[in-house]
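The values are calculated or read from the model by the stated rules, or taken from the named source; none is laboratory data. All of these numbers come straight from a predicted model, not from anything done at the bench. Using ideal geometry, Cβ is built from the backbone for each residue, glycine included, and neighbour counts are taken over all protein chains shown.
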Amino acid sequence: MSNLSIDLTPDRCEAECLHPDQVAPLIGRLIGREDADRVADTFALLADPTRARILHALSLADELCVCDLALLLGMTESAVSHQLRLLRAHRAVERRKAGRVVYYRLADDHVRHVLIDGLRHAREAAPQGAG
């Protein structure tokens, strides 16, 4: 949250703010740049179709190994591993090693909820007249 305090006077509002009654309650409540960067990074992970598909596959199972993910996605293990490293670096997935096999799972339910909500939103019909 920002510590910025803005004095909304009638003169200032008339010149700079069209709807002071809507703006005033929001002052100091917006997320700061650091949090905004983190949120943007989270959504950037989903901006890649391969990573979105990996996360979706992991949301449907408790955990999957790289070989199984590669088979499901029709990709090489190397390509899947590369994406999993990125997802792990951003704390979207966790791994567990059992001998020579590495299993991946979603890091937590937040990731599952963001993915499910994003999928639900993507599947909604576009409103009439939308571009």
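Take region 81-105 and flag every residue that is out of contact with any Phe, Trp or Tyr (no Cβ under 9 Å at 6 or more places or on another chain), farther than 17 Å from L115 by Cα and in contact (Cβ under 8 Å) with a residue 12 or more places away in the chain. Spell out the reasoning first.
Our first condition is that a residue be out of contact with any Phe, Trp or Tyr (no Cβ under 9 Å at 6 or more places or on another chain); within region 81-105, this holds for 81-83, 85-86, 89-92, 98-105.
The next check asks that each one be farther than 17 Å from L115 by Cα; those that pass are 81-82, 85, 89, 98-103.
Residues satisfying the conditions are S81, V101, V102, Y103.
Which ones in region 40-78 are over 24 Å from H121 (Cα atoms), among the aliphatic types (A, V, I, L, M) and surrounded by fewer than 15 Cβ atoms within 10 Å (Cβ to Cβ)?
Residue satisfying the conditions is L71 alone.
State which residue is farthest from L45 (Cα to Cα) when the search covers only region 95-105 and only residues that are of a type outside the set (V, I, T) and out of contact with any Lys or Arg (no Cβ under 6 Å at 6 or more places or on another chain). Don't jump to the end; show me each part of the working.
Start the filter on region 95-105 by keeping residues that are of a type outside the set (V, I, T), which leaves 95-100, 103-105.
Going one step further and asking which of them are out of contact with any Lys or Arg (no Cβ under 6 Å at 6 or more places or on another chain), we end up with 95-100, 105.
On the way: R95: 17, R96: 21, K97: 24, A98: 27, G99: 29, R100: 27, R105: 16 Å.
My answer is G99.
Please work out which residue is modelled with the highest pLDDT, limiting yourself to region 7-66 and to residues that are in contact with a Ser or Thr (Cβ under 8 Å, 6 or more places away or on another chain) and among the aliphatic types (A, V, I, L, M).
That would be V66.
Checking D108 against (1) modelled with pLDDT of 95 or more; (2) under 17 Å from D41 (Cα atoms); (3) not β-branched (V, I, T), which test does it fail?
The number of the failed condition is (1).
Which pairs turn up if I take residues in region 33-53 that are polar (S, T, N, Q) and assigned to a helix (DSSP H, G or I) and look for partners that are modelled with pLDDT of 95 or more and surrounded by 11 or more Cβ atoms within 10 Å (Cβ to Cβ) with beta carbon separation below 7 Å, at least 6 apart in sequence or on another chain?
T50/Q83
Go through region 72-82 and give me each residue that's in a helix (DSSP H, G or I) and farther than 13 Å from L58 by Cα.
From region 72-82, those in a helix (DSSP H, G or I) are 72-73, 77-82; that's our starting set.
Scanning region 72-82 gives E77, S78, A79, S81, H82.
Here is a list: R105, R100, R96, R91. Which entry is under 19 Å from the mean Cα position of the chain (by Cα) and surrounded by fewer than 16 Cβ atoms within 10 Å (Cβ to Cβ)?
Numbers: R105 fails: surrounded by fewer than 16 Cβ atoms within 10 Å (Cβ to Cβ); R100 fails: under 19 Å from the mean Cα position of the chain (by Cα); R96 fails: under 19 Å from the mean Cα position of the chain (by Cα).
After ruling out the rest, the residue left standing is R91.
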